[in-house]
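Laboratory data are not the source of any read-out in this text; all were calculated from the coordinates shown. Since the structure is predicted, the reported quantities are computational estimates derived from the model, not experimental observations. As a convention, Cβ positions derive from the backbone with ideal geometry for all residues, glycine included, and neighbour counts pool all protein chains shown.
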Amino acid sequence: MERKTPRKQEQQKNQLHKQVLAPNSPSPPLPLSPPPPLSPPPLPPLLLGFDPGRDKCGLAVMGRQRELHYHQVVLADDAIATIGALRQQLPISLLVMGDQTTAKQWKQQLEAELSPLPIVFVDERYSSLEARDRYWQMYPPQGLSRLLPNSFRTPPRPWDDIVAILLIERYLEQGN
């Protein structure tokens, strides 16, 4: 087996350049540049889940295939501005909102302050209990607290955003 020395490798490289170059070409070929980056495909229309509240609100953005794009708990005073910002960043086609607490007031405020966006109500009964269990599925407890049953654990933060996720899932389960 022939061992290639650096000099021999350089000779092979020069030979390759001669084969690739046109006979009268004075310079070596330009290195190939990588293809331009492809822009990601546009997202399909997304659903915005909204768990309205007096002090804080839960927001979630999810696709029809249940892929989660965003979830956050925001102060009630910041909810409409946050929804507006999300609509500028993501192709949101529908707002799914819980039907309890302050839903009618929020719907009027959303319709007055945001450009047209269809709003549907979903039954949100027992969603807070369900969201607490879902929280522990999404963020499994650590240390000794993992030995406690879910009913004895309280999440370390508000879980209104998870309620918003559940509202979207309930809407999708209705065959929408």
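Regarding Thr82, is this residue at positive phi and free of Cβ contacts under 8 Å to residues at least 60 places away in the same chain? No, not satisfied. Remark: pairs (first residue in the stretch 48-71, touching a residue at least 12 places away in the same chain (Cβ under 8 Å); second residue buried (at least 24 other Cβ atoms within 10 Å of the Cβ) and aromatic (Phe, Trp, Tyr); Cβ separation under 9 Å; 6+ apart in sequence or on different chains) = Cys57/Phe50; Gly58/Phe50; Gly58/Trp159; Leu59/Phe50; Ala60/Phe50.
Of Arg87, Arg54, Arg64, Arg125, all but one fail to be more than 16 Å from Asp161 (Cβ to Cβ), part of a loop (DSSP other than H, G, I, E, B), among the basic types (Lys, Arg) and within 23 Å of the chain's Cα centre (by Cα); the exception is Arg64. I'm trying to understand the selection: among the residues of the stretch 128-173, which are in a loop (DSSP other than H, G, I, E, B) and touching a residue at least 24 places away in the same chain (Cβ under 8 Å)? Matches in the stretch 128-173: Arg157, Pro158, Trp159.
For (1) within 16 Å of Gly49 (Cα to Cα); (2) surrounded by 15 or more Cβ atoms within 10 Å (Cβ to Cβ); (3) charged (D, E, K, R), each residue gets a yes or a no:
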residue	(1), (2), (3)
Val61	yes, yes, no
Tyr70	yes, yes, no
Pro91	yes, no, no
Leu94	yes, yes, no
Lys104	yes, no, yes
Phe121	yes, yes, no
Tyr139	no, no, no
Asp160	yes, yes, yes
Glu173	yes, no, yes
